[in-house]
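To start, the structure under review is shown below, and the notes come after it.
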Amino acid sequence: MTTTLTQTPTAATARDLTRTYGDGDSTVHALRGVDLDLPAGRFTAIMGPSGSGKSTLMHCLAGLDVATAGTVTVAGRDLGGLDDTALTLFRREHIGFVFQAFNLLPMLTAGQNILLPLELAGRAVDRARYDQVVGVLGLEDRLGHLPSQLSGGQQQRVAIARALVTQPDIVFADEPTGNLDSESSAEVLGHLRRSVRELGMTVVMVTHELDAAAYADDVVVIHDGAVTAHLTDPGQDQLVAALRGRSA
Amino acid sequence: MRGVLLASLRHHTRRYVAAGLAVVIGVAFVVVTGMLTGATREGLTADVGAPVAGVDHVVSTDDQSEAVKLVDTAQERDVPALSLGYAMEPVARDGVQLAPYANVSEVALDPALQWQDLTEGRFPDAPGQALADVNAAKSTGVRLGDVITVGSGDVATEVEVVGLVDSPAAANASLYVPWTDLERFDDTLWLPSVAWGGSPDLAREIAPGATVETSYDWTAAKQAEISQGVDVIALMALMFVFIALFVSVMVIANTFAILFAQRQRDFALLRCVGVTRRQLRRAIRLEALALGVVAAVVGIVVGAAVGAGLVVLVRHWFSDMGPAAIDPLWAGGAFVVGVVVTLLAAWLPTRAATKVAPLAALRPDTGVDVRSAAGRVRLVLAALSLVGGGLLLAVSVATTSVPVMLVGGTVFFVGVLLLGPLLVPALIRLVGRLAGRGPVRQLATGNAVRNPRRTATTAASLLVGVTLTTAVLTGLASSRTELGREMDDSYPVDGSITAVDSPLADDLVTRAGALPGAADAAALDGTVASIGKVEVPLVSAERASGVVRGRDDLVPADGVVLLPYDVIMELPRKVGDRVWDDREVTVTVDGRDRTLKAEPSSGWGRSGVVSAATLTTFDASPQPMAVWVRATDGADAEDLRGDLAALAGAAGASVDGGYSNRAWVDLQVDILTGAVVGLLGIAIVIALIGIANTLGLSVLERGRENALLRAMGLTRTQLRRAMAAEGLLLSAVATLVGTALGLFFAWIGVRVMIGSVIEDAGLSVPVLQVGGVAVVAALAGLAACVVPARRAARVTPAAGLALD
């Protein structure tokens, strides 16, 4: 196991994070004592094959799921001991999401979808921020459209805009290109990277695609519920070796 | 395919619960109706043959004199015979009236014909003795050995109660007297048939115009006649069953439509692996059939249990009810209805579901998109129905034709239902906007209008119940207002104590006014007059204006006397004829005659009413001769009458008054209102199950979406609130439209049905009742989403995102 600690401040930390489902003989260990520090202001990819626990790790880090044991700290706040409502309010304030599918509410327009998190939180809309985000993602002339009138790539861009507009401490993206063709994928990944570079966001992306991971600054490799590598600015070869090393 | 069918039924059992429940309620409703009418018929037809059990034949005739002659001749020649009819006469004891109109029938002196079921005492053995019905005796306080006066005027006679009997419903007389006593009441006697123990030839010889039939045939005909009456009631109950089933069809069809939409990918997958469209359709219909059969069987069991319980309960209060039993015909009919309703409801959704292309299974799962819009055909049909129905309703108002109104109303209502997918979402948006702009409310409004057709059907099922309930409540309230006005005119005085031949005590008015149930009392001065040798108190009502109801204040012009019909009947024929023909009557007080104009009327007791000035010309110092009482609203009629009778009895005066009649009419309207609302309530309950069902199934459908919202910061409470708001919006809009439509229909109904009898009949809206229905329906909609909302909120975001 190679863990590379960075000098930048951490956006999220996991210590001895364990998550099991079911009990008795049918117990599934999705995460087995994960220790992880995610640096702020960087684009990190969490990679691993299906069933490796990468989605569970993301859900726990994002406060969508509750750890069985261990601690999760996001934006300096220990998520353990928060009840459902407190977790929800925390997510509202500090975390943004982009999912693989079902990302948008079908009955709201693109613009309404982007503003939804602010509305839920009852926060005032920062017009400048909104315009900036919409501009960066190139959605100016799509704002009045319903999701069904948008292409897959456009839908994901709306989802990214929605995640960014609240200026969260960390954005989690779960297989954001899973449903897209390669051209749209490149476009979406490029936007995610720009949001880190130009808007100073912290983005954590779960993916199983090597091409997608190539857009990231750092790559965390997870296998059978444990982190097996945390690479900073890896080259293609380094990445392949880290992944292959596990599957051997 | 059978394996697939069974597996899918097992898998989706819980989703079918609501649809099944709707069928169960509908079927149980049919079974309960069958059991109640069966028990009623059993009770009413029981012992119909008892009075003719002792004879072989029954002689029936339209000519009453023949019937009387038959019984008379039978007595002379010692032939066994019993009159099968009754007279309606007042009954009094010690000068206090016990009943204004009691049914008096014959009890034979021949023991072979004494069919009554004696509970106490003995049968009469001579004229002047009588049997009393045990229930009538209980309510009037008549005991064995009491001597009571039957009839009034010259036909009045006294009889001694020697026995108490339990009368069956079919021969429901309060009093039984021997023929010699019964024969006196030829004015009110109704005698269609005679039980005849002699030979048919003898009967034909005495009464050539009569028909002779065996007592068996007579009993059968009589039973059929009563059955027909019960059938009419059963038919009316079935109308409400039909309404409940109509609502059920909507609920079930909606359930199937939603379930099939959710299973579209399953269906497509089946098609991919080689299931033909026809096989798929058959499998789905078999699924509906299975649901229908199971629900119908459960419905019969539930109905039988509820029916048996109700019959036992009703028998407790109403002894004429028969025992509970299930008629296999009704049970079979209910079963068929349940299954057919389910299949019918599944028909259209099934067709739509099997149209799915095999490719649909292979497309990326973009979520269930069951968007549906109002088709153009539907809009045209809706417009035609609304215009056509509106025209028919206008025609019905113009011609006061009830059938045209019913057809017009139905067509118009169908138009509104067809317009639903357009109208309901628009209204929901409007109401949603009025409610405010918060994210929760916006979310609720957006969700509520996502699938216009589904929303419309859900709202329509509630709309039916609310519309009908509002219409019936308003219609009945309007009839009650109009009836009340009529009653005010027919019965201007609620209660009266009238002196017979000497003035009343001065404190009687105070005591009458202090009675519970008396709002006001007035003493009327008067004097004793004699008209054609009949002594009649003459009073002036000028001081009773606060007591008299109706448009007429009972203060006639000078020189006019208001004479009760009863008094005119007592007068010698010549004097009576003069009143009828010339409207004149000569009144004598203290030997002085004066001829007054007479106006026959009624409603205030046994006295003539004149103006104060006219009264003074007869008697310079009139004494209190009558006390008139006005009842408080809702006073107990029996109690008030009893209390007044006690006061009157002590004063040797007579008691009368219209309050019992008013209370009786009010009670009937109350019972009718209660029954109709109760029966329509079943349709509303089914509709609410439908709302809960639609919301519950939508929750399953939106699991992913709700998880997304929760991930983005929607709290559990907010999610629950959004679902509650969605349910409330649905039910509120249905209630709103239903109340408006109901009031409109009630207005038409009042124009058509009451307007034809009473001119310028107005609409009286029972604001509290209608408001109550609206509030209950809207709140019930809120209650209906408690379970779905809790279930939706319980799912953690992570689990929701993992759903497929």
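General observations
- Yes/no for B:Ala374 being modelled with pLDDT under 85, buried (at least 16 other Cβ atoms within 10 Å of the Cβ) and of a type in the set (A, V, I, L, M, F, W, C): yes
- Which listed residue is part of a loop (DSSP other than H, G, I, E, B) and under 15 Å from B:Ala626 (Cβ atoms), from B:Asp501, B:Asp520: B:Asp501
- Only one of the listed residues (B:Val52, B:Val30) is β-branched (Val, Ile, Thr), in contact with a Ser or Thr (Cβ under 6 Å, 6 or more places away or on another chain) and at pLDDT 80 or above. That residue is B:Val52.
- Unmet criterion (only one of (1) closer than 22 Å to A:Leu192 by Cα; (2) within 14 Å of another protein chain (Cβ to nearest Cβ); (3) out of contact with any Pro (no Cβ under 8 Å at 6 or more places or on another chain); (4) among the hydrophobic types (A, V, I, L, M, F, W, C)) for A:Val72: (1)
Rundown of residues vs (1) crowded, with 17+ Cβ neighbours inside 10 Å; (2) touching a residue at least 60 places away in the same chain (Cβ under 8 Å); (3) touching a strand residue (DSSP E or B) at 6+ places or on another chain (Cβ under 7 Å); (4) assigned by TED's automatic domain parsing to the domain that holds B:Leu109, yes/no style:
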| site | (1), (2), (3), (4) |
| --- | --- |
| B:Leu36 | yes, yes, no, no |
| B:Glu42 | yes, yes, no, no |
| B:Thr45 | yes, yes, no, no |
| B:Val48 | yes, yes, no, no |
| B:His57 | yes, yes, yes, no |
| B:Glu66 | yes, yes, no, yes |
| B:Thr73 | yes, yes, no, yes |
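- Search result, residues across the range B:707-741 that are facing chain A (nearest Cβ under 10 Å) and aliphatic (A, V, I, L, M): B:Ala707, B:Leu708, B:Leu709, B:Ala711, B:Met712, B:Leu714, B:Leu719
- Test result for A:Gly96, more than 13 Å from chain B (Cβ to nearest Cβ) and either surrounded by 23 or more Cβ atoms within 10 Å (Cβ to Cβ) or part of a loop (DSSP other than H, G, I, E, B) (or both): no
- Neighbours by Cβ (under 8 Å, 6+ apart or cross-chain): first from the range A:75-90, more than 9 Å from chain B (Cβ to nearest Cβ) and closer than 16 Å to B:Val795 by Cβ; second aromatic (Phe, Trp, Tyr) and surrounded by 15 or more Cβ atoms within 10 Å (Cβ to Cβ): none
- Hits in the range A:35-62 - residues which are charged (D, E, K, R) and part of a strand (DSSP E or B): A:Asp35, A:Asp37
- Filter result for B:Val610 (among the β-branched types (Val, Ile, Thr), in the same structural domain as B:Pro556 (by TED's automatic domain parsing), crowded, with 24+ Cβ neighbours inside 10 Å and out of contact with any His (no Cβ under 7 Å at 6 or more places or on another chain)): yes
- Sub-8 Å Cβ pairs linking a first residue in the range B:10-25 that is closer than 22 Å to B:Gly307 by Cα and not assigned by TED's automatic domain parsing to the domain that holds B:Leu238 to a second residue that is among the charged types (D, E, K, R) and not in a helix (DSSP H, G or I), at least 6 apart or interchain, number zero.
- Failed criterion for A:Leu180 (all others in (1) in a loop (DSSP other than H, G, I, E, B); (2) more than 21 Å from the chain's Cα centre (by Cα); (3) of a type in the set (A, V, I, L, M) hold): (2)
- Verdict on B:Arg704 being charged (D, E, K, R), touching a residue at least 60 places away in the same chain (Cβ under 8 Å) and more than 14 Å from chain A (Cβ to nearest Cβ): no
- Some residue of the range B:444-462 being part of a helix (DSSP H, G or I), more than 14 Å from every other protein chain (Cβ to nearest Cβ), over 26 Å from A:Pro117 (Cα atoms) and at pLDDT 90 or above: no
- The range B:158-185: number of residues that are closer than 25 Å to B:Ala646 by Cβ and over 32 Å from the mean Cα position of the chain (by Cα): 5
Conditions tested, residue by residue: (1) buried (at least 21 other Cβ atoms within 10 Å of the Cβ); (2) among the aliphatic types (A, V, I, L, M); (3) free of Cβ contacts under 8 Å to residues at least 40 places away in the same chain.
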site: B:Val431; (1), (2), (3): no, yes, no
site: B:Leu434; (1), (2), (3): no, yes, yes
site: B:Thr457; (1), (2), (3): yes, no, no
site: B:Ala460; (1), (2), (3): yes, yes, no
site: B:Leu468; (1), (2), (3): yes, yes, no
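- Within the range A:183-202, the set of residues being surrounded by fewer than 23 Cβ atoms within 10 Å (Cβ to Cβ) and in a loop (DSSP other than H, G, I, E, B) comprises A:Gly200 only.
- Total residues in the range A:159-177, condition of a type in the set (Val, Ile, Thr) and either more than 13 Å from chain B (Cβ to nearest Cβ) or under 11 Å from the mean Cα position of the chain (by Cα) (or both): 4
Results for (1) in the same structural domain as B:Leu571 (by TED's automatic domain parsing); (2) at pLDDT 90 or above; (3) surrounded by fewer than 18 Cβ atoms within 10 Å (Cβ to Cβ), shown as yes or no for each residue.
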| site | (1), (2), (3) |
| --- | --- |
| B:Gly153 | no, no, yes |
| B:Val162 | no, yes, no |
| B:Glu183 | no, no, no |
| B:Thr188 | no, no, yes |
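- Looking at B:Ala221, B:Ala195, just one residue is surrounded by fewer than 17 Cβ atoms within 10 Å (Cβ to Cβ) and either touching a strand residue (DSSP E or B) at 6+ places or on another chain (Cβ under 9 Å) or modelled with pLDDT of 90 or more (or both), and that residue is B:Ala221.
- From B:Ala792, B:Ala798, B:Ala777, residue being under 23 Å from the mean Cα position of the chain (by Cα), assigned to a helix (DSSP H, G or I) and of a type in the set (A, V, I, L, M): B:Ala777
- Residue within the range A:118-127 that is more than 7 Å from every other protein chain (Cβ to nearest Cβ), closer than 17 Å to B:Pro439 by Cα and surrounded by 17 or more Cβ atoms within 10 Å (Cβ to Cβ) present: yes
- So B:Ala295, is it over 27 Å from B:Ala171 (Cα atoms) and among the small types (Gly, Ala, Ser): yes
- Residues of the range A:152-178 that are surrounded by fewer than 20 Cβ atoms within 10 Å (Cβ to Cβ) and either over 26 Å from A:Leu120 (Cα atoms) or at pLDDT 90 or above (or both): A:Asp169, A:Gly178.
- Checked across the range B:539-556, the condition of being more than 20 Å from B:Ser660 (Cα to Cα) and part of a strand (DSSP E or B) holds for at least one residue.
- If you go through the range B:620-638 and pick out every residue that is touching a residue at least 24 places away in the same chain (Cβ under 8 Å) and farther than 20 Å from B:Tyr491 by Cα, you end up with 3.
The values are calculated or read from the model by the stated rules, or taken from the named source; none is laboratory data. From a predicted model like this one, the values you see are computed outputs, not experimental measurements. Neighbour counts run over all protein chains shown; Cβ positions are idealised from the backbone, glycine included.
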